[in-house]
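Structure first, commentary second.
The values are calculated or read from the model by the stated rules, or taken from the named source; none is laboratory data. Keep in mind it's a predicted model, so treat the numbers as computed, not measured. Every residue, glycine among them, receives a Cβ derived from its backbone with ideal geometry; neighbour counts consider all protein chains shown.
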Amino acid sequence: MSSMAPDATGATVEVGQVVEGTVTGITHFGAFVALPNGKTGLVHISEVADTYVRDINDFLHEQDPVRVKVLSMDDRGKVALSIRQANPNAASGPRGGSGGGGGRRPRNSSGGGRGGAPSFEDKLSRFMKDSESRLSDLRKSNDSKRGGRGS
């Protein structure tokens, strides 16, 4: 059965299970985690944190202990993992937040300031305001070059 992977002691890791693992490698697209059954799985960069992860090294380092949820296992032995889904009540943040646990810290609902990452809605709102301002400035600049409207 492809949803279970026994180890040498007969223990299994199943899809949907949350287990403790150790980060064994970091790449630009994710982190490799050694599982209790001896297999290694991949946490894709999109499954590291609830916030946007530009650089995975801000969140994880090799030999960090992490809690992961097993998302899938295929017949070729590939194991997909998620740190984000292993602890749905906490958002992951850059290292140095509250310490331990792979840098996890409580979600900052205010969404502002240096202490917490802004929410998607905050980022979108700021982008829309900046975009409107730039578009308005561009229109004014182009109108003045053409001699104003209606001329």
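Quick notes on this one:
- The residue of segment 7-38 that is modelled with the highest pLDDT, among those that are of a type in the set (D, E, K, R) and farther than 15 Å from PRO65 by Cα, is GLU14.
- Of residues in segment 22-47 being part of a loop (DSSP other than H, G, I, E, B) and touching a strand residue (DSSP E or B) at 6+ places or on another chain (Cβ under 6 Å), the one nearest to ALA86 (Cα to Cα): LEU35
- Here GLY77, GLY38 are screened, and the one residue that is among the small types (Gly, Ala, Ser) and either under 18 Å from VAL18 (Cβ atoms) or touching an Asp or Glu at 6+ places or on another chain (Cβ under 6 Å) (or both) is GLY38.
- Restricting segment 78-95 to residues that are among the aliphatic types (A, V, I, L, M) and in a loop (DSSP other than H, G, I, E, B), the residue that is modelled with the lowest pLDDT is ALA90.
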